[in-house]
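Please read the structure below before turning to the comments.
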2 protein chains.
Amino acid sequence: MKISLAQLNFHIGNFEGNVNKMVEAIIAAKADKVDIICFAELAVCGYPPRDFLEFDDFIRMAEESVHTLKEHSDGIAIIVGAPTKNPIIEGKDLFNSAYFLYNKEIKHIYHKSLLPTYDVFDEYRYFEPAETFDVIHFKGKKIALTICEDIWNIGNENPLYTICPMDEIMPQNPDFMINISASPFNYEHAEERIHVLKANVARYGLPIFYVNHVGAQTELIFDGGSAVMSPSGEVFEEFPYFKESVKSFDLDEVIAGTKNIIQQKNRIQEIHDAIILGVKDYFGKLGFKKAILGLSGGIDSAVTCALAVRALGKENVRGILMPSEFSSEHSVNDAKQLAENLGIQYDIISIKDPYKVFINLLSPYFDGRGFDVTEENIQARCRGLILMAMSNKHGNILLNTSNKSEMAVGYGTLYGDLAGGISVIGDVYKTDVFNLANYINKENEYIPINTITKPPSAELRPNQKDSDSLPDYEILDEILFLYIERQLGPKEIIMKGYDEKLVRRILRLVNINEFKRHQTAPVIRVSSKAFGMGRRMPIVGKYLS
Amino acid sequence: MKISLAQLNFHIGNFEGNVNKMVEAIIAAKADKVDIICFAELAVCGYPPRDFLEFDDFIRMAEESVHTLKEHSDGIAIIVGAPTKNPIIEGKDLFNSAYFLYNKEIKHIYHKSLLPTYDVFDEYRYFEPAETFDVIHFKGKKIALTICEDIWNIGNENPLYTICPMDEIMPQNPDFMINISASPFNYEHAEERIHVLKANVARYGLPIFYVNHVGAQTELIFDGGSAVMSPSGEVFEEFPYFKESVKSFDLDEVIAGTKNIIQQKNRIQEIHDAIILGVKDYFGKLGFKKAILGLSGGIDSAVTCALAVRALGKENVRGILMPSEFSSEHSVNDAKQLAENLGIQYDIISIKDPYKVFINLLSPYFDGRGFDVTEENIQARCRGLILMAMSNKHGNILLNTSNKSEMAVGYGTLYGDLAGGISVIGDVYKTDVFNLANYINKENEYIPINTITKPPSAELRPNQKDSDSLPDYEILDEILFLYIERQLGPKEIIMKGYDEKLVRRILRLVNINEFKRHQTAPVIRVSSKAFGMGRRMPIVGKYLS
């Protein structure tokens, strides 16, 4: 029996595009004499469809898409994810389902049982969990078909669910497992995924065919990494990351074992590749080509720019240098050098005049109060205004260049440097921004060395340095990581040896700046806890603040 | 037996403040010889605590708060909501619980079974549903204690859950029901609440003591409306809306029936009162007093300003008039008149100079393209910059003045008129903004009549009117309501008699402008479907767009 896994890049709500892409893969699979072709979870509508699922009209379009696919199932079985209506009045209105289509008929519909509802996932918002578990009989084999999370309740220390679907299916003696997934990337996730697949093989002793999405959906990056496991517990083949790939496998060969094609894992490289895919798909799926961003001469805008060039091409990225009276000579030079190294169009538009006009206009209303954060913000907002004007006039999207460390502590100006359509490195701590810069430079000095080595500064007042108001980034990032990714409280962080006053100050800064993050662009997610849809915090709360 | 319901305004994460408020009520109740005092769902930590619940440190503080309350339970039973840890490793780590404290002991802990996970609710993100149901024995009575949603699975056409906790408890023959809730306001909700309470009495024939939160938590407004139901099915007493209230009831009197204190319901008045509470608590809970906003002479800023004055006092609201070359004479006059009618400080700061500077600065980079939305946005962003500068310098919060109709179709400038810390009327359609204006004016002409009667205009180009680019607000708002609140698709809306081309255009505008709403202030929620946490839409999606 020949089984094909189609790791494809779908577009949320673009039923026609998604179906066409699948039909193409089905036609190729037929020519390849494939018996079963598998598409990912909710493939017909893309993942995550979010509240589109609440529209009957949207569900109808999903059903019509399945019917189109069904017409192509002559002589080949198609497994495809789609939402289906729950016929029982009690409970949620939908199931998260996998269709088994064959010879132009719906042979079976399996419903997902374990519905991830944490971090970026909201599945119980929409779906009723399944409570029946049946194998699928096909050409003399019994298939245990599951959906994503269904196989994730084993092998972990803190199981989130009280049942385990595969334990329910096993009494029916399946021959192999197929799991269709929508499992988004973070730099710790690929290892967890292999760990979970191995834990399943160890427990059930069956081969596994696992197919995942690839591609970006605003914040979420799907890295692919579809995999086939031999019953011996070895990885038979792991699909490439961050690109589409369709491969077919002979069941007997998989059962026999070995082959062992495994992707190399490197944290910074994965983050780099994930962000590039994130930018590329954000633009592509919105129907835009061109990006604009401010270049300060600093490392954040430099790294953002280099990644954007790799995602969109140098002809589609434009840099704007906006020096002020507080900008140092090297800032402009470093930014120019970057633009020239990358080969992108750039312009220099000084903010001195508008800044002066605003200061003159507003000073009568400032009650004689001296230079403070107001004046700093006016500079940042003049830049934001210029960038948005260029974006509006030329139809390109502004890239936000804030890093995770500064977004965490609120070291940025709302509607100023926090502006932009998509936050490119907003889930990358400053220390990793340096790592990314070095990775980008590994063959050529795209990012000027001076940009990497000089002390970070916002240059919003004379001789300002980040270190005037923030601790060293090494310390700051460690504390932020423990608080944000590891969700430790102040006592637990202090017990690890950090200064109490510093810890309390940083945690307070994170919490009181929630209002800023609420109004910033979606952040391309690369960590296990990014700002945005996966981290939902009260704004008027008074915890640690 | 005397039962007291304490409808109080809690603050998320402010354990000390919340506990102090409850202790005060307990002391008063003891003096009043109350047997049981009831506080709302998750009262110790406030509702919704959102991802604060994922911090062990936060849960520990909740536990400590319960222990403090327990020390005050000598001679009085206390029912209070708090998160508790789930001792079973499988399943979520927490329960949403109600403690029954008496004589300095924890006598019972009841866990919530039905966990709302839709619209603004995310409870299954955090909590494991309970599967055991016991009555509480107290002074010879048996109490059926439930939490909010637990009693909402009856009396509705489309039950969301497959079980009904009260059906499980009834075999134990309880004498009366207590339900502690965190049920946020929308203008349709108070009627539903009474409907559900009546459905429970009809089914179980028991008196009900229902206590709710009051107060605003960023977007969510809790209106109170706690209630006591007689077993005959009549409302014995409905608590006031939008204010704290503690009342005690004799069980026998409730069983005997009548009294019949019911709050009058008036949609526009409720919206008016809800927004005022929303603004008041947003400022109060963040520790701010003063607001600033732009006054255009139009109805949106006028209504926002009038509501802010009622929430914060006229001495705490400052209006900024920012005319441009496109502003009409009447705009400035109407805005001045409004400020004078309301007795607030106002300043006139023209944007002509900064606008001219930006146009001169940027025109070399505009490739000879003519006046378009870019120049309109520059004006709006000059205003946003001025308002934020005033906000920064004087420590007041900028109020956003956008209405729901324009937020829906993207008729607003990101970082310009869409700026602000809190969106005051962002859940009020334009047609209801007019209704609010008339309601505000019912005794005095606070809002100048000319502001209400003149045709709406953004005044960002010569002789511009909203009706140049949008249909009449009556039609627009109806279509938006069907799409947003009622979640109908294009076909269903067109079938109601609206022009197909118009419907498709409007739905497309709503969907392609998701990126703007993603970056706007939290919206005070008054409808059953507000923009923000209760409406989660993809940005790169391609549905109807």
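The values are calculated or read from the model by the stated rules, or taken from the named source; none is laboratory data. Since this is a predicted model, take the numbers as computed values, not measurements. With ideal geometry, Cβ positions are generated from the backbone for all residues, glycine too; neighbour counts draw on all protein chains shown.
Cβ contacts < 9 Å: first residue assigned by TED's automatic domain parsing to the domain that holds A:ALA98 and farther than 23 Å from A:VAL135 by Cβ, restricted to the range A:149-167; second residue hydrophobic (A, V, I, L, M, F, W, C) and outside any loop (DSSP other than H, G, I, E, B), any location; separation 6+ or different chain. Result?
Short answer, once both residue conditions are applied: A:ASN156/A:VAL196; A:ASN156/A:ALA199.
Could you grab me the full set of residues in the range B:407-425 that are farther than 19 Å from B:MET388 by Cα and within 14 Å of another protein chain (Cβ to nearest Cβ)?
Answer for the range B:407-425, where residues must be farther than 19 Å from B:MET388 by Cα and within 14 Å of another protein chain (Cβ to nearest Cβ): B:MET407, B:GLY410.
So which pairs qualify, if the first residue must be in the range B:328-350 and free of Cβ contacts under 8 Å to residues at least 60 places away in the same chain and assigned by TED's automatic domain parsing to the domain that holds B:GLY384, the second must be crowded, with 21+ Cβ neighbours inside 10 Å and assigned to a helix (DSSP H, G or I), the Cβ gap must be under 7 Å, and the two must be at least 6 apart or on different chains?
Short answer, once both residue conditions are applied: B:ILE344/B:VAL309; B:TYR346/B:ALA339; B:ILE349/B:ILE386.
Name the residue, out of B:ALA40, B:ALA62, that is of a type in the set (Gly, Ala, Ser), assigned to a helix (DSSP H, G or I) and closer than 28 Å to B:ASP93 by Cα.
B:ALA62
Just a yes or no: is a residue in the range A:86-100 among the acidic types (Asp, Glu) and either part of a strand (DSSP E or B) or more than 9 Å from every other protein chain (Cβ to nearest Cβ) (or both)?
No, there is no match, as no residue in the range A:86-100 is among the acidic types (Asp, Glu) and either part of a strand (DSSP E or B) or more than 9 Å from every other protein chain (Cβ to nearest Cβ) (or both).
From the list A:PRO462, A:PRO448, which one is over 21 Å from A:ASN400 (Cβ atoms), crowded, with 20+ Cβ neighbours inside 10 Å and in contact (Cβ under 8 Å) with a residue 40 or more places away in the chain?
Among A:PRO462, A:PRO448, only A:PRO448 is over 21 Å from A:ASN400 (Cβ atoms), crowded, with 20+ Cβ neighbours inside 10 Å and in contact (Cβ under 8 Å) with a residue 40 or more places away in the chain.
What's the number of the condition A:MET533 fails, among (1) in contact with a helix residue (DSSP H, G or I) (Cβ under 6 Å, 6 or more places away or on another chain); (2) facing chain B (nearest Cβ under 9 Å); (3) hydrophobic (A, V, I, L, M, F, W, C)?
With respect to (1) in contact with a helix residue (DSSP H, G or I) (Cβ under 6 Å, 6 or more places away or on another chain); (2) facing chain B (nearest Cβ under 9 Å); (3) hydrophobic (A, V, I, L, M, F, W, C), A:MET533 is out only on (1).
Taking the condition on the phi > 0 side of the Ramachandran plot and of a type outside the set (S, T, N, Q), does B:GLY395 pass?
Yes.
Taking the range A:101-140 on its own, how many of its residues are surrounded by 20 or more Cβ atoms within 10 Å (Cβ to Cβ), among the β-branched types (Val, Ile, Thr) and assigned to a strand (DSSP E or B)?
1
If I filter the range B:325-345 down to residues being surrounded by 18 or more Cβ atoms within 10 Å (Cβ to Cβ) and of a type outside the set (A, V, I, L, M, F, W, C), which single residue comes out as farthest from A:LEU387 (Cα to Cα)?
Ranking the candidates gives B:ASN341 first.
Suppose we keep only residues that are under 12 Å from the mean Cα position of the chain (by Cα) and not in a loop (DSSP other than H, G, I, E, B) within the range A:193-223. Which one would you say is nearest to A:SER245 (Cα to Cα)?
Once the filter is applied, the top-ranked residue is A:VAL214.
Are any residues in the range A:4-18 within 23 Å of the chain's Cα centre (by Cα) and outside any loop (DSSP other than H, G, I, E, B), and if so, which ones?
Scanning the range A:4-18 gives A:LEU5, A:ALA6, A:GLN7, A:PHE15, A:GLY17, A:ASN18.
Is it the case that A:LYS404 is among the basic types (Lys, Arg) and in contact with a Ser or Thr (Cβ under 7 Å, 6 or more places away or on another chain)?
The answer is no for A:LYS404.
Of all residues in the range A:326-371, which are under 38 Å from the mean Cα position of the chain (by Cα), in a loop (DSSP other than H, G, I, E, B) and at pLDDT below 95?
Residues satisfying the conditions are A:PHE326, A:SER327, A:SER328.
Name the helices (runs of 4 or more DSSP H) wholly inside the range B:439-530 in which the number of residues that are within 14 Å of chain A (Cβ to nearest Cβ) is 2 or more.
Hits in the range B:439-530: B:473-484, B:490-495, B:500-512, B:514-518.
Can we say B:PHE15 is touching a Cys at 6+ places or on another chain (Cβ under 9 Å) and within 14 Å of chain A (Cβ to nearest Cβ)?
yes
Which condition number in (1) surrounded by fewer than 23 Cβ atoms within 10 Å (Cβ to Cβ); (2) modelled with pLDDT of 95 or more; (3) not acidic (Asp, Glu) is the one that B:LYS259 fails?
Condition (2) is where B:LYS259 drops out.
Of the residues A:LYS285, A:LYS290, only one is crowded, with 20+ Cβ neighbours inside 10 Å and either closer than 22 Å to A:GLY426 by Cα or among the charged types (D, E, K, R) (or both); which?
Result: A:LYS285 is the single residue among A:LYS285, A:LYS290 that is crowded, with 20+ Cβ neighbours inside 10 Å and either closer than 22 Å to A:GLY426 by Cα or among the charged types (D, E, K, R) (or both).
In the range A:145-178, how many are in contact with a Lys or Arg (Cβ under 8 Å, 6 or more places away or on another chain) and charged (D, E, K, R)?
Final tally of qualifying residues: 3.
Return the pairs, sorted by first residue and then second, in which the second residue is part of a loop (DSSP other than H, G, I, E, B) and crowded, with 17+ Cβ neighbours inside 10 Å, the first residue lies in the range B:470-482 and is of a type in the set (Phe, Trp, Tyr), the beta carbons are less than 8 Å apart, and the residues are 6+ apart or on different chains.
Matching pairs, first to second residue: B:TYR473/B:TYR429; B:TYR473/B:PRO456; B:PHE481/B:TYR429.
Just need a number here: residues in the range B:256-308 that are away from chain A (no Cβ under 14 Å), assigned to a helix (DSSP H, G or I) and hydroxyl-bearing (Ser, Thr, Tyr).
Of the residues in that region, 2 qualify.
Given the criterion more than 22 Å from A:ILE276 (Cβ to Cβ) and surrounded by 17 or more Cβ atoms within 10 Å (Cβ to Cβ), identify the matching residue among A:GLU157, A:GLU219, A:GLU237, A:GLU192.
Being more than 22 Å from A:ILE276 (Cβ to Cβ) and surrounded by 17 or more Cβ atoms within 10 Å (Cβ to Cβ) holds for just one of A:GLU157, A:GLU219, A:GLU237, A:GLU192, which is A:GLU237.
Would you confirm whether or not the range B:311-324 contains a residue that is at the interface with chain A (Cβ under 9 Å from one of its Cβ atoms) and either within 30 Å of the chain's Cα centre (by Cα) or among the acidic types (Asp, Glu) (or both)?
Checking the range B:311-324: at least one residue is at the interface with chain A (Cβ under 9 Å from one of its Cβ atoms) and either within 30 Å of the chain's Cα centre (by Cα) or among the acidic types (Asp, Glu) (or both).
Mind counting the residues in the range A:19-37 that are within 23 Å of the chain's Cα centre (by Cα) and either free of Cβ contacts under 8 Å to residues at least 12 places away in the same chain or not in a helix (DSSP H, G or I) (or both)?
The total comes to 0.
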